[in-house]
Amino acid sequence: MIPYLACVLLFLIGLYVVISKRNLIKIVIGFSLIEYAVNLFFALVGFKKGALAPIITQPEQVRMGVARNFVDPVPQALVLTAIVIGLSTTALMLSLAMRLYEKYKTFDISEIRRLKG
Amino acid sequence: MRGMSLIVQVMTGLLAGILLLYGGYIILHGHLTPGGGFAGGVLVAAALILVSLAFGAVEQVERREYILSSIFESSGGLLFLGLAVAGYLAADYFFRNAGLFYIGRPLELVSGGIIPLANIAIGLKVGAGLFAIFLALGASRFVMKE
Amino acid sequence: MEGRILPLFVAIPLAGAFLVPLLSKLWTRFADLIASITSALLLGVSVYGWLMVNAGGMPLHYWVGGWRIIGIAMWFDALTALIVLIINIVGFCASVYSIRYLDRYTGGRWKFFTLLLLLIAGLNGLAISGDLFNMFVFIEISAIASYALVAFGTEEEEVEAAFKYMVLGEVGGAVLLFGIALIYARASTLNLAHLSQVLAGFGRTPFYWFVIATLLIGFAIKMGMEPFHAWLADAHFSAPAPISAMLSGVFIKVTGVYAMSRLMFNVFGVSRAETPAFFNLLIAFGAVSMVLGGLLAYTQNDYKRLLAYSSISQIGYILVALGIGNFWGIAGALFHILAHALGKGTLFLASGSVERQTGTRNLEQLKGLEKTMPATTWSHILASFSMAGLPPFAGFFSKLFIIIGAIAARMYWLAFLAALFSAVTLGYLTKVVNMAFFVKQNSSVTSTREAPGLMVLAMLVLVVLTVAVGVGFRGVLDHLVGPAARVLLNGLEYARLVLGG
């Protein structure tokens, strides 16, 4: 139970950073924290105590029924996909932050207020 | 002198080839061991980024690299899509694997039907794509100013 | 296997998106060509799919790679047909319109069309997906494409709006992923049909409500529902006009309303009789969005910002109609999705034409465009009538169905509110007509020429469809919207059809 709660805590820390920090780069970092929290949570979902990594290294293992003692490989595949998505969003977010810096010469969001509303 | 110090450049020269080789290994063994197209592609991109950080970059060269990597990225995507469509045309199923390419025996390098080919396509796309992201962010420009 | 066409919905736009950067190196205009051809092909495929579903009465299904239930499922029923038609009609008009509209920007043509095709691919993939995680992946594909497209102009305001939009949208995406992880932890399956059967076995536990709440927060951010509306106005305001049309007409409805109702009705099996709390929640938030969005729209002086707040109000209509939960309510919601996509698409494209020809969107500066831009003016007026719910346009029937549904469910105050805010809609849209197109003020900005032919063509296609849907509402109701509403009402029937067929 504790690892799951730690994920939720990490998520909340990330959310706090996104909401309260004024620096664009810190917001991106906070967002990454949120993402890691969710990915970690998802990876934990497939965990089984004492089970093996879902890799077959010898053809005979298939017949020996090793697969019955594997952790669930599906969440790992899904998390990998989510990490790839997270990579592209982080890259896009950073490039937007850089563009904002070029335009406004600051990373402080309280000074980036051309839009009202 | 463009780029970083001599020590970094010599070490990069030694490391970059090994990194590329390792990336290629991970991509090609994607269907046998952990890793695969994405992990290997990241390694390939890391090697490229390392070289361009250590040796600095000329703007024109960077622009050409950017165009090249966007071409490689699109071809990787098209190759992956082509594999899917090949299964579709041959057996009515998108990404159909069985009976399309040489399946072979488990745990051999040449086996697994379309999976190694798909890993190569993904490796191409991720390697080129990450390098393109690096170039687009213009990270090397900031290093050069210091 | 009759589901053979389904992968094409993803394969065609992706192929286009990968070909654009390659071929546009040879000739820049290839980008325009590929985008228009692929979106036209997609439109053809979706019409074909709709005809097949309509003729056979049975949904089409497809298993990627032939892996059946453990693989990726695709699913095309009457609801998908409706959503896919909307996506591809607006997508086609947006890509045709963009060809001349992009003259405003220097370069980057291929980037625009690649991203537009990725956006269309993501939306189509989401609509046909029968797999929970795939829905998330397609939502993210279309969302990432839309963030980049909002920032396409790379001016201060555009980048700022894109950043704001992106932070909110990605937090929404993370919440959705968290909800999916929760579902997988309990049910150990991702196939929507299988999932609905597994979830039905668990009963209405606190866990069930917790998952629903998590997913609702994610979707509420994606659709710009009232407490989370902050990104929507800025993003719609700053994006290039065809992208505003895609965002407002399609994106918020497909990634928000469609994905939510597919999961809630067909997988979680909510129904007015069994889980009234869920429906009352939808009505409450919908009504707040409807009222606040409408009132905020009234006070705006910028053409596109006004339309953006109007979108929030119309999303409120759709949510209220879904919350009513009887046949007329749900049919009204789906009809309104269609009418709003066509109408608001036209309005945003018209705003783009005005901006391109005059260089401003400030209503106080514009005057007398009716003389020089008759096609834009009349597209705008007809679409406004449809949005405000005047007969015989599409918007009239959607609002009529919603009001019928509210009266049948004995929610008279809701019927009154819906009728009242039709009048408000008419008020703020005629304000635009007055200020920009007819009244001669002391202001100076006007245009001497009509927008280019292709842009006018794109607007006219949408306007003609708005009128056609309104005039032929019986046919649309019987063959397109009615069956789609029944898919939602039948709830868990969905699972039986997939796994039995």
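Taking into account only those residues within region A:51-88 that are among the polar types (S, T, N, Q) and in a helix (DSSP H, G or I), which is nearest to C:M166 (Cα to Cα)? For region A:51-88, the residue satisfying everything is A:S88.
Residue count for region C:10-33, restricted to those that are in a helix (DSSP H, G or I), away from chain B (no Cβ under 11 Å) and in contact with a helix residue (DSSP H, G or I) (Cβ under 7 Å, 6 or more places away or on another chain): 3. Looking across B:G23, B:G41, one residue alone is under 11 Å from the mean Cα position of the chain (by Cα), within 14 Å of chain A (Cβ to nearest Cβ) and open to solvent by less than 50 Å² (accessible area, probe 1.4 Å). It is B:G41. Checked against (1) part of a helix (DSSP H, G or I); (2) touching a helix residue (DSSP H, G or I) at 6+ places or on another chain (Cβ under 9 Å); (3) open to solvent by 60 Å² or more (accessible area, probe 1.4 Å), A:K48 meets all criteria but (1).
Results for (1) surrounded by 22 or more Cβ atoms within 10 Å (Cβ to Cβ); (2) at positive phi; (3) at pLDDT 95 or above, shown as yes or no for each residue.
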| residue | (1), (2), (3) |
| --- | --- |
| C:L292 | no, no, no |
| C:G325 | yes, yes, no |
| C:L349 | yes, no, no |
| C:V354 | yes, no, no |
| C:Q357 | no, no, no |
| C:L366 | yes, no, no |
| C:L369 | yes, no, no |
| C:P374 | no, no, no |
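Suppose we keep only residues that are touching a residue at least 60 places away in the same chain (Cβ under 8 Å) and within 7 Å of another protein chain (Cβ to nearest Cβ) within region A:66-96. Which one would you say is surrounded by the fewest Cβ atoms within 10 Å (Cβ to Cβ)? My answer is A:L94. Just one of (1) open to solvent by less than 20 Å² (accessible area, probe 1.4 Å); (2) in a helix (DSSP H, G or I) fails for C:Y62. It is (2). For region C:248-269, a residue qualifies if it is over 21 Å from C:V175 (Cα atoms) and aliphatic (A, V, I, L, M), and exactly one does: C:V250. For region A:51-63, the set of residues classified as open to solvent by 60 Å² or more (accessible area, probe 1.4 Å) and out of contact with any Phe, Trp or Tyr (no Cβ under 8 Å at 6 or more places or on another chain) consists of A:I55, A:I56, A:T57, A:Q58, A:E60, A:V62, A:R63, listed by residue number. Say whether the condition of being in a helix (DSSP H, G or I), within 23 Å of C:R474 (Cβ to Cβ) and hydroxyl-bearing (S, T, Y) is met by at least one residue in region C:351-362. No: zero hits. If you go through region C:462-501 and keep only what is of a type outside the set (G, A, S), more than 24 Å from C:G269 (Cα to Cα) and either touching a Pro at 6+ places or on another chain (Cβ under 6 Å) or outside any helix (DSSP H, G or I) (or both), you end up with just C:V471. With respect to A:V8, is the statement that it is at negative phi, open to solvent by 50 Å² or more (accessible area, probe 1.4 Å) and within 12 Å of chain C (Cβ to nearest Cβ) true? Yes: the conditions hold for A:V8. Here B:I7 meets each of (1) over 24 Å from B:A136 (Cα atoms); (2) aliphatic (A, V, I, L, M); (3) surrounded by 17 or more Cβ atoms within 10 Å (Cβ to Cβ) with one exception, condition (3). Look through region B:89-109, keep the residues that are within 12 Å of chain C (Cβ to nearest Cβ), buried (at least 19 other Cβ atoms within 10 Å of the Cβ) and not charged (D, E, K, R), and return whichever of them is nearest to B:V42 (Cα to Cα). My answer is B:F95. Of all residues in region A:22-40, those satisfying the criterion of being open to solvent by 20 Å² or more (accessible area, probe 1.4 Å) and either within 9 Å of chain C (Cβ to nearest Cβ) or not in a helix (DSSP H, G or I) (or both) are A:R22, A:N23, A:E35. The set of residues in region C:121-134 that are touching a residue at least 60 places away in the same chain (Cβ under 8 Å) and touching a Leu at 6+ places or on another chain (Cβ under 6 Å) comprises C:A121, C:I128, C:G130, C:D131, C:L132.
C:G203 - would you say it is more than 10 Å from chain A (Cβ to nearest Cβ) and open to solvent by 10 Å² or more (accessible area, probe 1.4 Å)? So C:G203 fits the description; yes. Looking across C:A406, C:A418, one residue alone is part of a helix (DSSP H, G or I) and in contact with a Lys or Arg (Cβ under 7 Å, 6 or more places away or on another chain). It is C:A418. Here the condition is being open to solvent by less than 70 Å² (accessible area, probe 1.4 Å) and modelled with pLDDT of 90 or more; of C:G501, C:G453, C:G470, it holds for C:G470 alone.
For A:I19, the stated conditions hold: it is within 12 Å of chain C (Cβ to nearest Cβ), open to solvent by 90 Å² or more (accessible area, probe 1.4 Å) and within 27 Å of C:G218 (Cα to Cα).
The values are calculated or read from the model by the stated rules, or taken from the named source; none is laboratory data. The structure presented is a predicted model; accordingly, all values stated were derived computationally and were not measured. Counting neighbours? That spans all protein chains shown, and the Cβs are built from the backbone with ideal geometry, glycine included. To get the accessible areas, we keep the full protein, side chains included, count just its heavy atoms, and leave off ligands, DNA and RNA. Shrake-Rupley method; radii C 1.70, N 1.55, O 1.52, S 1.80 Å.
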